Structure formats: C-alpha cells, structure tokens
Amino acid sequence: MCSVCGCGQSETEGHEHPHSHEHTHAEPHYHAHAGDLHYGLGPAHAHAPGMSEERLVRIEQDILGKNNAYAADNRQYFAAHGLFAVNLVSSPGSGKTTLLVKTIEALAGRLPVAVIEGDQQTSMDADRIRATGVTAVQVNTGKGCHLDAHMVGHALERLNLADDGLLMIENVGNLVCPAAFDLGETHKVVILSVTEGEDKPLKYPDMFHAADLMLLNKIDLLPYVAFDIERCLDYARRINPRLDILKVSASTGEGMERWLAWLAEGVDVASAARQRNVDLLKQRIAQLEAQLAAKG
Amino acid sequence: MHEMAIAESILGIVEDAARAQGFNRVKEVRLEIGALSGVEPEALAFCLDVVLRGSVAEGARIEMERLPGQGLCLACGEALPVLARYAACTHCGSYQVQASGGTEMRVKDLLVE
C-alpha cells in the first residue's frame, strides 16, 4: 500500500491508478433510533414517506487543500533529505528537456541528480534523461494537464534519492495549469524561449508570478527572430518584481554556468539545513541520554 | 485554467464529506471563487456537470459566490480593488500590487439529504 495517501497503487510509469468513485443510491433513506424507524426527522415540509430531510453541511475547505497537504509532505521529505527540488515549467517546445539533459551532463560528478518527468503520455523524456545515466521516473498524467503533489509523492517512492542532492521535476508543457499546483518544490523555474512571443509573461501571468527564476532560453537564436529581449524582461518583472532572470542557451552552453551555480548554491543551502537539523537532533539525544543516565 | 482538476477536487471533498457524514444525495454545492483565483466560473460549471455525473452530487445545483479582487500596493501602501490580475496600482502606477483578497477557491457548504 502506498505511504503517500494509502491508495492501492501508484500512477507512475504507466500504472493505472483507478480511484474508485462508487456510490450506492439503493440504501433506504431512514434513520433508526433505539429500534424506531423514522422516515424523515426534519421540518414539516420534509415529512414525505421515504424521504429524508434536507440539511446543510458546512465544509469550508480549500478546493486545492488536499494537493497542498501532499505538497507539505513532499516539502518535509525534501527538507529531511537535504534535497533542492526544482519544478521546471514552460510551454511545450521551450527546450526544457534539452536544458535538463545539458544540465545533468554538466553536473555529472559534481552533484547527485534525479529527475521526475511529467508528460501526458510516453516515457520518451525519461528515456532521454536515463541515457545520461541519471535516475528518472516518468509520470504520465493521462488526461491531466499538470503534475500534482500526490503524483510527485508516488514518484519519490520510486526514486532512490541520495541525500544532499538535486531533484529536477519537469512539469507537463503548459504555461497555465502547473502554476496553481504546489508540488512541495523549493522553487518554480519558468523557461521561456526567444522563439516564443516576448509578451508571454503578460499573456500567462500566473506562471510568471508563481516562479522565482526565469530562464530565457535559446538566446543563440536571437539574431534570427524578432524578439525584443528588454520588453520581455520588463513584462516579466511587471508581473513579478521578485523574479530572477538568467539568459541561457542550452544548445551552445552560453550562460549555463550561472544556472549551474544557482543550482549548486541551492543544494548547498538545502544540505546545510539538513545537517543543522541532524546536529540539533544529536544534541537533543545526548541531552536525553545524560538525563536518563543521571536518573539511572 | 485547469477547471477539470478543480472539479475533480470538489468531487473528492464532496465524497469525503458524504462518507464522513453519511448522506446519499447532494442537492446544492456552494462554492466561493475569488475573482483573482484564475478559475472561470462558466468553465468550472461545465466541468462540474460532467465530473459529478454518477456521484452523490449528480444534478446538484452549483452556487458560486464571487469574491472581489483586493490588493495592497507595496510601493505606496494603498489598499485598492483589483479588477484584473497583476494590474498597475490605480494610485501610483506601480506594478508591485500584492493580491490581498479574491484568490480564494473554497467549498463553503453542501445542501444534502
């Protein structure tokens, strides 16, 4: 059984995940109290034989509350293992997978890296990642347009993640829906390529608002396209004044060192935080052992 | 936006409540949808119609209370109504407007029998 949610299976790598939605409408609508049968205990207007009364059930729940609870679990897992988790989001064709492959190749031997690949169908991207020698789990969302925290939790079970490393989550190519779904990641990184319009930050503001870093990719193609880079950066900062921006070309390697340094710094921070926690726990254990010894 | 996933989350909340509180039919689902939540009410209503079929809430009336968008300008400190997401401050023109209300997406209550 799954430790993420208690469901029977996981939906990674093509496994079906049929949440059953069974409802029986056949039960008789009566309430038994101490041997009596009451066909409706509500106000007078509801006293039709065989009918139960209406009532108002207060719910007051965030619609995405369940996802956010799974995201909190994932976040705790990342913290406990010193993992720097990056959620890569973009429209299809921005060069996410190429960027990912080049990043992994450049980090080989420097940092432990693992990848969760989200696509509607096929394991082509995970195959591309595995060809680099890095562990990758493919999550096929089926009809879904985004990864959610529950899917990521299942993927984490399948990845044998080393502590103090980098987890790259490549979301489904979609500039809209992934913005709303927290996966528990440390940062969302939005990738925009110069072959797209410079007005994308204004057209798809939620994603640029949710991201902490924007990678402007394919800058080697700038001489061949009508892309106003200053206007694009202005639009992006208008939507998100906190946004960091790096200009890169995954295929020529231009600007990639700064991106790699950003990742390495993130892993340093995550692993240092884990080490601090471990040290604090060790101190606490030593204190408790001293107390026990004093009493014994 | 991703109204299908939102509709499925609503179904999940309704089904959890049905199991916990033992009701068999939902006549009305009342939602609070903020103007800045990114959810299109018409698209959500359409998706709910499809997703709720065959469930305890099949055919339930969907009531959506729209909560207005509100913001706080980080540049001039003014609180202001926000009509469109990421619009400029109506007082000083800055784009550093933080949404302070209207991003909600909640299931408020259910009328059940």
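Structure data summary
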read-out: Column: log10 I(q)/I(0), Debye, Cα scatterers of segment A:96-220, q = 0.15, 0.16, 0.19 Å⁻¹; value: -0.71, -0.82, -1.15
read-out: Convex hull (Cα only) mean projected area of segment B:1-47, reported in nm² to one decimal; value: 3.5 nm²
read-out: Ratio of Rg to Rh over the protein assembly as shown (Cα coordinates, Kirkwood Rh, two decimals); value: 1.04
read-out: Sparse-neighbour loop sites [trypsin sites (Lys or Arg not before Pro); segment B:14-53; at most 16 other C-beta within 10 Å; DSSP]; value: B:ARG53
read-out: q = 0.19, 0.29, 0.30 Å⁻¹, segment A:72-120: log10 I(q)/I(0) [Debye, one scatterer per Cα]; value: -0.79, -1.16, -1.19
read-out: Of the trypsin sites (Lys or Arg not before Pro) in segment A:76-171, those whose Cβ has at most 10 other Cβ within 10 Å and which sit in DSSP loop; value: A:LYS143
read-out: Base-10 log of normalised Debye intensity for chain B (one unit scatterer per alpha-carbon) at q = 0.14, 0.22 Å⁻¹; value: -0.61, -1.06
read-out: Contour excess over end-to-end distance, with Cα ends at A:GLN287 and A:LYS203 and 0.36 nm allotted per residue; value: 24.6 nm
read-out: Straight-distance crosslink candidates among lysines, where the alpha carbon sits under 17 Å from A:LYS218 and sequence neighbours closer than 8 are dropped; value: A:LYS96, A:LYS102, A:LYS200, A:LYS247
read-out: Within chain B: Cβ-based charge dipole about Cα centre, in debye rounded to nearest 20 (Lys, Arg +1; Asp, Glu -1); value: 100 debye
read-out: P(r), alpha carbons of segment A:48-143 - 5 Å bins starting at zero, rounded %; value: 2, 10, 14, 18, 15, 12, 7, 4, 4, 4, 3, 3, 2, 1, 0
read-out: Whichever lysines have a C-alpha closer than 24 Å to that of B:LYS108, once near sequence neighbours (fewer than 8 apart) are set aside; value: A:LYS66, B:LYS27
read-out: Local electrostatic count at B:CYS92 - Lys and Arg +1, Asp and Glu -1, tallied over other residues with Cβ under 15 Å; value: 0
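Only the coordinates and a few stated rules stand behind these numbers; no lab work does. Computed from a predicted structure; not experimentally measured. Neighbour counts run over all protein chains shown; Cβ positions are idealised from the backbone, glycine included.
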